[in-house]
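Everything below concerns the one structure shown next.
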Amino acid sequence: MSHNYKMTRAYNEQNWITSIDDVQRGLKCNCTCVDCGSQLIAKKGAVQANHFAHAPDDQKARHCKWSYETELHLLAKEVLNNNKKLTIPVGNFDPYSFTLIFDNVDIETPIDNSKRIPDVIGYSKGEQILIEIAVSHFCGAEKTSEYRRLNKNAIEFDFSNFVPTSEVITLEEVSDLFENSNAKWLSIAPAGFIGELCHAHERQSIKDLMFERREFLNKYEQEKTSLNAAVTFLKEQLRDLSYTKNNLEVIVKNDEEKIRSAFRKEYKGLVENIKYASQKLARINESINQRSNIKNEIDAFEVRLINELKIKNQNLVNKQKELQENIRSLELAKQFKIKESKKEVHDFVEKEKALLISRFNESLQHEVTELSLTQLEIRSEIIQLYGKRDELQNIITKKQNIIDLISNQQNDISNEKKRLELLKLEVIKQNRQYQNAAKNIERITPDLKEITRKGGIPWPFAHNLIDELSKEIKP
């Protein structure tokens, strides 16, 4: 006995199925269980939903097999009996819904010429419709075969996925279940209103399928023609790519050999020019070093000359001091001897004074002459050094021009290398296009094979399609 859902239907005193809402409370309901037949209590209060329950001490109720499936069957039969209508699918392939209006409904009634008792028998326009309700047990092959043998309209509704929303199943839930659950025909009568509806739908479905088949075949023929054209175009494209690839390989090979030969010659010449320029540059650097040594010698000579001039100037200063001392001595001597021979002393002093001044002037003139000659020699050396510097600058300019020429030649070689790289990239691009075309052909090959197989066309290639199309075509 289920403890999750409550019982709302039972047998009354007249042994008819009755609802909990139509009986009195407690034992006054005089109702019995539809499964075990024991006395039931009608519980109708404000806390729980109205329902029937077995007495706690009822020994007979211990073996009761009532379940929510029993309740669902009873409510489904009640809904069909009350509504007198049912929504059915018309046809088995792409069915549409149709609502049957019943003239009468029988519950748990055996059918003619058989011991089978369907759940419900509905009568509409003089036809019987056998209705089976499946919750956990579906109609087997034997029952289905018997319905077909008897040419009955039999339909089965699948309630196996139904889950009640509360502890009591309502008629509204069951009514919605008939509208939305899966239903399948166990058997369809060859004649009658329902049979005519279903067979007409099936015939129309077959016509639609035939029309779709013709549309598909037409589309297939168009696609086959388009694919054949695409294959032809791909063959031509592969042939052109093969020619282009071969021509590019020949062009690249020839150009590469020419460029390598020219590059080897130019490279050899550049190596010689660089070697010669390096030697000249070494000689120029040596000359620059020599000129630098000469300049250093000139600077040292100039410093030495300046030092000598300073020394000579100092000597002259010393001689002047000595002359002044002598003059002072003479003045003292003159003052000492003035009494004795004033005139004699005066003449002697003047004479000595003139002699000393003359000697000093001669010595000074000699030193000035020597300094002038030395200055002229230094200026001559400086002029020669400036001339050698200009000559050296001209040599350096020429060598720089040679170096610029070598740099330009290197730039030309670099540009030629770039052109070769671009040509190589173009060849790689052509090869990539060839590989992409091959991949596309490989991708569509299974579809082409399937299309030729469906169309009954033999596969035109003896080997792999890529190998066939990649064969070298001789001009």
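The values are calculated or read from the model by the stated rules, or taken from the named source; none is laboratory data. Predicted model only: the values in this text are computed from it and were never measured. All Cβ positions, even for glycine, are placed from backbone atoms using ideal geometry, and neighbour counts span all protein chains on display.
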(request) Among residues belonging to the range 55-107 that are assigned to a helix (DSSP H, G or I) and among the hydroxyl-bearing types (S, T, Y), point out the one that is modelled with the highest pLDDT. (result) T70
(message) If a residue must be outside any loop (DSSP other than H, G, I, E, B) and touching a residue at least 40 places away in the same chain (Cβ under 8 Å), how many such residues does the range 29-54 contain?
(response) 4
(message) Under 6 Å between Cβ atoms, which residue pairs at least 6 apart in sequence (or on different chains) link something in the range 192-217 that is of a type in the set (D, E) with a partner that is surrounded by 15 or more Cβ atoms within 10 Å (Cβ to Cβ)?
(response) E202/G91
(request) Consider only pairs whose beta carbons are under 6 Å apart and that are at least six residues apart or on different chains; among these, list those whose first residue lies in the range 144-157 and is β-branched (V, I, T) and whose second residue is part of a helix (DSSP H, G or I) and surrounded by fewer than 21 Cβ atoms within 10 Å (Cβ to Cβ). (result) none
(request) Would you please name the residue that is farthest from the chain's Cα centre (by Cα), looking only at residues in the range 354-394 that are among the aliphatic types (A, V, I, L, M) and under 18 Å from N293 (Cβ atoms)? (result) I378
(request) Examine the range 168-175 for a residue that is in contact with a strand residue (DSSP E or B) (Cβ under 8 Å, 6 or more places away or on another chain) and modelled with pLDDT of 90 or more, and state whether such a residue exists. (result) no
(request) Filter the range 140-172 down to the residues that are touching a Phe, Trp or Tyr at 6+ places or on another chain (Cβ under 9 Å) and not in a loop (DSSP other than H, G, I, E, B), then identify the one that is surrounded by the most Cβ atoms within 10 Å (Cβ to Cβ). (result) A154
(request) Among residues belonging to the range 413-447 that are farther than 28 Å from S242 by Cβ and free of Cβ contacts under 8 Å to residues at least 40 places away in the same chain, point out the one that is surrounded by the most Cβ atoms within 10 Å (Cβ to Cβ). (result) K417
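The rows are residues; the columns are (1) of a type outside the set (D, E); (2) over 27 Å from E173 (Cα atoms).
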{"residue": "V120", "(1), (2)": "yes, no"}
{"residue": "Y123", "(1), (2)": "yes, no"}
{"residue": "Q128", "(1), (2)": "yes, no"}
{"residue": "E132", "(1), (2)": "no, no"}
{"residue": "F138", "(1), (2)": "yes, no"}
{"residue": "E146", "(1), (2)": "no, yes"}
{"residue": "R149", "(1), (2)": "yes, yes"}
{"residue": "E156", "(1), (2)": "no, no"}
{"residue": "F159", "(1), (2)": "yes, no"}
(message) Checking P110 against (1) in a helix (DSSP H, G or I); (2) within 22 Å of I194 (Cβ to Cβ): exactly one of these is not met. Which one?
(response) (1)
(message) Of the residues T87, T70, only one is of a type in the set (V, I, T), touching a residue at least 24 places away in the same chain (Cβ under 8 Å) and buried (at least 16 other Cβ atoms within 10 Å of the Cβ); which?
(response) T70
